[in-house]
1. Can you tell me how many residues within the stretch B:180-189 are surrounded by fewer than 19 Cβ atoms within 10 Å (Cβ to Cβ) and under 15 Å from the mean Cα position of the chain (by Cα)?
2. Can you tell me which residue is farthest from the chain's Cα centre (by Cα) among those in the stretch A:165-190 that are within 13 Å of chain B (Cβ to nearest Cβ) and β-branched (Val, Ile, Thr)?
3. Which of the residues spanning the stretch A:131-164 are of a type in the set (S, T, N, Q) and more than 10 Å from chain B (Cβ to nearest Cβ)?
4. Give me the residue from the stretch B:88-119 that is facing chain A (nearest Cβ under 8 Å) and not hydrophobic (A, V, I, L, M, F, W, C) and, out of that set, surrounded by the most Cβ atoms within 10 Å (Cβ to Cβ).
5. Can you work out which of the residues in the stretch B:32-83 that are of a type in the set (Gly, Ala, Ser) and touching a helix residue (DSSP H, G or I) at 6+ places or on another chain (Cβ under 7 Å) is nearest to ligand 1 (Cβ to nearest atom)?
6. What residue, among those in the stretch B:1-17 that are modelled with pLDDT of 95 or more and over 30 Å from residue B:193 (Cβ atoms), is nearest to ligand 2 (Cβ to nearest atom)?
7. Going by the structure shown, is residue B:127 away from ligand 2 (no atom under 16 Å from the Cβ) and under 24 Å from residue A:164 (Cβ atoms)?
8. If you scan the stretch B:18-57, which residues turn out to be within 14 Å of chain A (Cβ to nearest Cβ) and either at pLDDT 95 or above or within 16 Å of ligand 2 (Cβ to nearest atom) (or both)?
Amino acid sequence: MNYLLLATLAMPQWLQKLKSDFILNFVDDDRYMYIVKGLIVTAEVTFFATLLGIVLGALVAIIRSTHDKLAPTMRMGAPKVALKIVNAISQVYLTVIRGTPVVVQLMIAYFIIFVTSNNKVLIAVLAFGFNSGAYVAEIIRSGIMSIDNGQFEAGRSLGFNYAQTMIYIIIPQAFKNVLPALANEFIVLLKETSISGYVGLQDLARGGDVIRSRTYSAFMPLLAVAAIYLIIVMFFSKLVTMLERRLRNSER
Amino acid sequence: MSANNDVIIDVKGLKKYYKGDEIKALDDITTTIKKGEVVAIIGPSGSGKSTFLRSLNLLEVPTDGTILFENTDITSPETNINVLRQKMGMVFQHFNLFPHLSVMDNMTLAPRKLLKMSKDDAEKKAKDLLKMVALEDRARAFPSQLSGGQKQRIAIVRALMMSPDVLLFDEPTSALDPEMVGEVLDVMKKLAQEGMTMAVVTHEMGFAREVASRVIFMENGRIALEGTPEEVFNNPSNERLKTFLAKVL
Ligand SMILES: Nc1ncnc2c1ncn2[C@@H]1O[C@H](COP(=O)(O)OP(=O)(O)O)[C@@H](O)[C@H]1O
Ligand SMILES: [Mg+2]
């Protein structure tokens, strides 16, 4: 009798059950690949949606705060009308996105807006990116608004125009202030992408679910998926905490 | 248009109203500031001193009236105010240094971006100015590492980096601990002696008396009295001015 067999025989029954469950859910038919591939999809969607969200959010934040700051003192004319229009569009965007569940937005994107496209990853990136952009916009806008107006006046009094003042003086300070909040938004987004299965995208959560449906055993695959999310989230939370400490220390 | 080359700022019928015409922050101000003059603007709180000063570089947009800066109407839609502001430095009560930039970068940002000055030239100029205010060793410091008096001296030389034709000060020493007021006033005095044109809103009557070439006493958005320091301080005929001076002196 070899030692391995001995060891197996010596295992308590629950441990043996756990081992066979593990083999059934992850090893047989290479089922672990559902998890691996799902993780890659989740990472892809989260990464590109975050990028889109930040670009879109920054744009909307700048439109909104420019409107609030400049519109009251602008002379009537084409620039003022244009600003009013893009501001109105931004406000509709913020209201609709933040007023409806993200899962419904995802389904509308897939089944209505992009019904002719079959690129599920791209559709998910667009849906989550547009969703995230609304929240990022409010984060960045609050960052811009939190900068003392004296900073703005100091820039303008040196001769910088509005855009230069924003670029060289306001945005760098605002961005530094909201970096932790933006990082948190990334974590929220990562977890939110777990609803991608609603449109048949095989992300991490759906990967676990597929295994469950094949093996009729829910415990292992779902707990494994939960554990992976948790580890990733804890890792990034730790990064955010370190970032916050760094920023506090460099607080000048 | 005034063709007098000695006049740097020419203000006519300047009005600034808030809430329709409920608050008359400035109510028909007419005055001129000539090259090399140091004009001290005094008066009780709420009398419109800041609004007047901030109108001069269009941080406040007047309700009515004209302001000529070097013979250009600053409120005209054809005027590029950003270019004019390069020639009018401003120093604020709360310094408004850029906290994310070092002292050196605070000073060189505007000349490099706006005047396209080279990094070397800008840093050389900054070092000379830092020497003038005895802060040459703080070039690499960040604003939070400076005392109030040091911050204000940096704010002054930051404005000087643009080689302005006039400097506007809005209560430059009001936010300072008493022991730091002197070091800032000394810098301003030195600038005055070098012939810099300045408009200074201040509660420092000693400074106004000693350094100003003209004193403007404001009240309720109007110029209640203006004259040389002797005329204003030595024998105040105006009752309100007497009351005001009794309070601040
Ligand atoms: N943005 C504003 N809205 C309404 N009233 C204002 C505003 N800014 C200034 N005022 C009013 O204008 C008057 C003059 O203010 P200010 O120029 O700051 O006075 P000072 O600098 O002499 O203390 C005050 O009555 C003030 O309340
Ligand atoms: Mg004031």
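The values are calculated or read from the model by the stated rules, or taken from the named source; none is laboratory data. Here the structure is a predicted model, which means the values were calculated and not measured. When we count neighbours, we look across all protein chains shown, and the Cβ atoms used for this are built from the backbone with ideal geometry, even at glycine.
1. Number satisfying all stated conditions: 1.
2. Across the stretch A:165-190, the extreme among qualifying residues is A:165.
3. Taking the stretch A:131-164 first, the residues of a type in the set (S, T, N, Q) are A:131-132, A:142, A:146, A:149, A:151, A:157, A:161, A:164.
Once the filter is applied, which keeps residues that are of a type in the set (S, T, N, Q) and more than 10 Å from chain B (Cβ to nearest Cβ), the stretch A:131-164 yields A:131, A:132, A:142, A:146.
4. Among those that are facing chain A (nearest Cβ under 8 Å) and not hydrophobic (A, V, I, L, M, F, W, C), it is B:89.
5. Filtering the stretch B:32-83 for residues of a type in the set (Gly, Ala, Ser) gives B:36, B:40, B:43, B:45-48, B:50, B:55, B:65, B:76.
Checking which are touching a helix residue (DSSP H, G or I) at 6+ places or on another chain (Cβ under 7 Å) leaves us with B:40, B:43.
On the way: B:40: 13, B:43: 6 Å.
Across the stretch B:32-83, the extreme among qualifying residues is B:43.
6. It comes out as B:16.
7. Numbers: away from ligand 2 (no atom under 16 Å from the Cβ): yes; under 24 Å from residue A:164 (Cβ atoms): no.
Considered against the rule, which asks whether it is away from ligand 2 (no atom under 16 Å from the Cβ) and under 24 Å from residue A:164 (Cβ atoms), residue B:127 comes out as no.
8. Of the residues in the stretch B:18-57, the ones within 14 Å of chain A (Cβ to nearest Cβ) are B:18-19, B:50-51, B:53-57.
Once the filter is applied, which keeps residues that are within 14 Å of chain A (Cβ to nearest Cβ) and either at pLDDT 95 or above or within 16 Å of ligand 2 (Cβ to nearest atom) (or both), the stretch B:18-57 yields B:18, B:50, B:51, B:53, B:54, B:55, B:56, B:57.
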